[in-house]
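Structure record follows, encoded as structure tokens.
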Amino acid sequence: MATGKINVSVDNIFPLIKKFLYSDHEIFLRELVSNATDATLKLKHLTSIGESKSEYGSPIIEVKIDKEGKKLHVIDQGLGMTEEEVKKYINEVAFSGAEEFLDKYKDSAKDSGIIGHFGLGFYSAFMVAHKVEIISKSHTDAPAVHWTCDGSPNFELEASDKTTRGTEIVLHIADDSTEFLEKSRITSLLTKYNKFMPIPIKFGTKTETLPKPEGAKEEDKAPTQEVDNIINNPTPAWTKQPADLETKDYQEFYRELYPMQFEEPLFHIHLNVDYPFNLTGILYFPRLTNDMSVQKDRIQLYQNQVYVTDNVEGIVPEFLMMLRGVVDSPDIPLNVSRSYLQADGAVKKISSYITRKVADKLSSLFKNNREDFEAKWNDIKIVIEYGMLSEDKFFEKADKFALYPTVDGKFYTFEELQEKFKANQTDKDGNLVLLYASDKEAQHSYIEAAKAKDFDVLLLDSPIISHLMQKLETSKENISFARVDADHLDNLIKKEDTQISKLSDEEKDTLKKELEETIANKSYTIQLEAMDSSASPFIITEPEFMRRMKEMQQTGGGGGMFGMGKMPEMYNLIVNTNHELVSEILTTKTAKKKERLINQSLDLARLSKGLLKGEELTNFIKRSYQMVK
Ligand code: ADP
Ligand code: MG
């Protein structure tokens, strides 16, 4: 037997490993299974180029727990190691890697995924084991070796009688890590990290029911057999060519990824690039609601089919974080902080590649089947609008397929909108006025008033739409958005036939004075307008600018500009001087009755605008009952 001291300057490295990587103990299994996978893939390569005499066969990796013996085994049928190789790769290289790692990260990050990249992968076993053994038989003629290390830098190396090719790693689980002797814990770890690794992974066995033999009776039990329980899918959809997959395959893979998701995704995007970086993956557009709250099924990041994380911040552009699916790239540096990641050139390219692919996919969906695209619009608009706001490159492309629905369920692109609306919807200066509603129910009376004048009304109801409108108004020429209740329509849109007021100037002055005296609430600015006699007598409007600023403040993203505290409530009360009721207010003699007419009309206008609430609403209803009885 040979003994020796591992080449390392730190006296006892294992307590350090344990401490630094504390939060990520569980990744030891991922590292060992990754090594087993690497060893198997390396052998595959060697046999394929005739560099190994070994028969490749159909190797699997086995994970086994021995609860009584407090041991966990990871066994592969890969290329194995000779004694020389164990010395070189385990004793020397690994430790220089460990030293480098410890030097660099003494006081900082314990980002997951660092390990393999520093050659610390194998040694992560010491996070959970007090003793580790390697029993390995190389694919060459070299004899098998047995390496043992108890967590101090001292190791033992002796001959082994193992005859089959491959490596077995034996972990003697430490007393504080016995959770890793539990079947359920190991199952969930293998499912989390190794679900899509390229070599089949066996963990235990399962009972399989076989078909009944011919002539069996009804009451005869079907025969069963014990088979390997393979926990992974070695060829997940994203590793295949898009041409070899059908929609159904993508849907199946979606369910494999998110077993708890019952809704089908709306569509998918297959990512596949090998220059100037390597990246594969599939992104799915799920049905999205306006509720942008916490999301548990996120995009997962893999490296060569090994799960790394579901935090893809910095890699996937922010506006696409609401999507689901998989991104697999060996080119993403993981041993760095997130902020460094965002500054990394390769990662930036990856992010803009993803943006471009998503834009191209949306564009082709729009061109190839507009009807279907329109049907899906409400479920995907959040992503598109958010993308248009946050990425200029995306805006350029999305501007051609982003849709603006009307309250009647028609859909227009911005260009179509400009064409269609300019005929009769311009203001005094000839600018196109895009009337919109954000809530068909709440703004019903205003929408009806606009329709009565033959105006088209859009339905724009995303939470971030006010930001997008702001952007469109500055990037397009001669257009402005105005909500249907932003102002009196005649003020918003120029029209030919101006109404003549039935009231004289003198009467108007009196009316205005009386209204101002009676209406105590100073948030209303009174404005007299000669309108059609069939229009409402009192209409409350809220200036577009004020309201939009308020909304933008609520949904954030406005930067410091809106950090000026709460916006004041400001409304216009538009009084139709041609309405019968308004004439009546003016001619009523008794002060009491005049006051009641004014207040009741105001409350009706407020009710219509959804402003009447609480005590005021209760009082209004009481008063109305009094009046009708
Ligand atoms: P890395 O995988 O990043 O190279 P590790 O610490 O995980 O670092 O492994 C160190 C080296 O030990 C590997 O590069 C490989 O040469 C060898 N090794 C580890 N596990 C196995 C195994 N199961 N079969 C063959 N060689 C292995
Ligand atoms: Mg490794």
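Brief remarks follow.
- Residue (of HIS467, HIS579, ASN478) at the positive-pole extreme of the chain, dipole from beta-carbon charges: HIS579
- DSSP-loop GluC sites (Glu not before Pro) across the range 414-512, with at most 13 other Cβ within 10 angstrom: GLU441, GLU477, GLU496
- Cα long-axis angle, helix 345-368 against the chain (0 to 90 degrees, to the nearest 10): 60
- Helical mean residue ellipticity (222 nm; -39500 (n - 2.57) per DSSP H run of 4+; nearest 500) of the chain: -11000 deg cm²/dmol
- A Förster distance of 25 Å, applied to the separation of the beta-carbon atoms of THR140 and SER58, puts the FRET efficiency at 0.75.
- Average accessible surface area per residue within the chain, 1.4 Å rolling probe, Å²: 50
- Entries in LYS589/LYS609; LYS248/LYS376; LYS87/LYS162 that, when Cα-Cα distance is taken, lie over 24 Å: LYS589/LYS609
- For the range 403-498, a simple Cβ point-charge model (Lys and Arg +1, Asp and Glu -1, everything else neutral) yields a dipole of about 140 debye relative to the Cα centre.
- Residue among PRO286, THR426, GLY80 farthest towards the positive dipole end of the chain, charges placed on Cβ: THR426
- Rounded to the nearest 20 debye, the dipole size of the range 237-372 about its Cα centre is 320 debye, using +1 on the Cβ of Lys and Arg and -1 on the Cβ of Asp and Glu.
- Unit charges on C-beta of K, R, D, E only; dipole of the chain, Debye: 1040
- Accessible surface of the chain, 1.4 Å probe: 49 percent of it comes from carbon and sulfur atoms.
- When the pairs LYS44/LYS206; LYS42/LYS349; LYS361/LYS400; LYS594/LYS622 are compared against a 23 Å limit on Cα-Cα distance, LYS44/LYS206; LYS42/LYS349 fall above it.
- For GluC sites (Glu not before Pro), the sites in the range 136-245 that DSSP calls loop and that have at most 12 other Cβ atoms within 10 Å are GLU182, GLU214, GLU218, GLU219.
- Kirkwood hydrodynamic radius (C-alpha pairs) into Stokes-Einstein, the chain, 25 °C and 0.890 mPa s, D in µm²/s: 80
- Rounded to whole Å, sorted largest first: equivalent-ellipsoid semi-axes of the range 237-372, Cα gyration tensor: 23, 17, 16
- For the chain, with +1 on Lys and Arg beta carbons and -1 on Asp and Glu, the positive-most of THR148, LEU365, HIS172 along the dipole: LEU365
- Size of the range 500-629 as Cα extents on the principal axes (Å, biggest first): 54, 37, 26
- Percent of Cα pairs exceeding the 22 Å cut-off, where the set is the range 403-498: 20
- Rg and Dmax of the range 422-558, both derived from C-alpha coordinates alone, stand at 16.5, 49 Å.
The values are calculated or read from the model by the stated rules, or taken from the named source; none is laboratory data. Bear in mind that the values here come from a model prediction, so they are computed numbers and not experimental data. Backbone-built Cβ (ideal geometry, glycine too); neighbour counts: all protein chains shown. Accessible surface is based on the protein model in full, side chains and every heavy atom, while ligands, DNA and RNA are left aside. Shrake-Rupley method; radii C 1.70, N 1.55, O 1.52, S 1.80 Å.
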